[in-house]
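Step one of this worksheet: look at the structure below.
Every read-out reported here was derived from the displayed coordinates using simple, explicitly stated rules and does not represent laboratory data. All of these numbers come straight from a predicted model, not from anything done at the bench. Counting neighbours? That spans all protein chains shown, and the Cβs are built from the backbone with ideal geometry, glycine included.
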Amino acid sequence: MSTTERYNLLLIMGSVRAGRRCPQIASWVRGLAEQSAKLNFEIIDLRDWTLPASDEPGMPAQGKYTQEHTCNWSAKVAGTDGVVIVTPQYNWGYPAPLKNALDHLYNEWSNKPLAIVTYGGHGGGKCGTQLRQIAEGLKMRLVTTMPAITIARERIENDTQQSAEEMVPFEAEVVQAMRELRNLLI
């Protein structure tokens, strides 16, 4: 594709918890990507996707889906040029609904460029490392930069959102990751 073509990109929110920060952070990442790397995303909220665990009779690698929700998820992912995952780190890992969404498919993820943005009280590096391993197993093409946004302890304890000023230290790394993603698309 040329640099002037439009790409069909997904930004997948990895959290489905009540009171989550994911919509705010995903929107912020999307804004930076649109401004700095000229990328446009459809935000995918996993709350909107009913993907019951292990309800397909065959292995995802076979691509023989019987459930309507899996067929719909397959079409959504297959129709995209690249993916950004924005997810919190929970207990040194990533949320189960995100793992389930990834495990529902196999071939649809193959060769897709991927950027991972994590967040949490410790930034989410362990979560990002685990997701990197999963993405490699799915044969995705990963960007090198993996932003990890640290949420202040008092924000977590008081269940309040990050301020714009608190996000500034993470902007350059997110912008770099989005530019790397764009370069994988060209």
Give all pairs with beta carbons closer than 9 Å in which a residue from the range 168-185 that is within 23 Å of ASN111 (Cα to Cα) meets a residue that is aromatic (Phe, Trp, Tyr) and surrounded by 18 or more Cβ atoms within 10 Å (Cβ to Cβ); count only pairs at least 6 apart in sequence or on separate chains.
VAL174/TRP28
Residue list for the range 40-81, filter: surrounded by 19 or more Cβ atoms within 10 Å (Cβ to Cβ) and in contact with a Lys or Arg (Cβ under 6 Å, 6 or more places away or on another chain):
PHE41
Please enumerate the residues belonging to the range 124-147 that are in contact with a Phe, Trp or Tyr (Cβ under 8 Å, 6 or more places away or on another chain), in a helix (DSSP H, G or I) and surrounded by fewer than 22 Cβ atoms within 10 Å (Cβ to Cβ).
LYS126, GLN130, ALA135
Subset of the range 148-186, residues outside any helix (DSSP H, G or I) and farther than 21 Å from ASN8 by Cβ, comes to ALA148, ILE149, THR150, ILE151, ALA152, ASP159, THR160, GLN161, GLN162, SER163
Does LYS126 satisfy the criteria of being out of contact with any Leu (no Cβ under 7 Å at 6 or more places or on another chain) and farther than 26 Å from GLU166 by Cβ?
no
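Okay, residues lined up against (1) within 27 Å of ARG155 (Cα to Cα); (2) among the aromatic types (Phe, Trp, Tyr); (3) under 18 Å from the mean Cα position of the chain (by Cα):
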site	(1), (2), (3)
GLY19	yes, no, no
LEU51	no, no, yes
GLY63	no, no, no
THR66	no, no, no
TRP73	no, yes, yes
GLY79	no, no, yes
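Out of all the residues in the range 103-123, is one or more buried (at least 20 other Cβ atoms within 10 Å of the Cβ) and part of a helix (DSSP H, G or I)?
Scanning the range 103-123 turns up no residue that is buried (at least 20 other Cβ atoms within 10 Å of the Cβ) and part of a helix (DSSP H, G or I).
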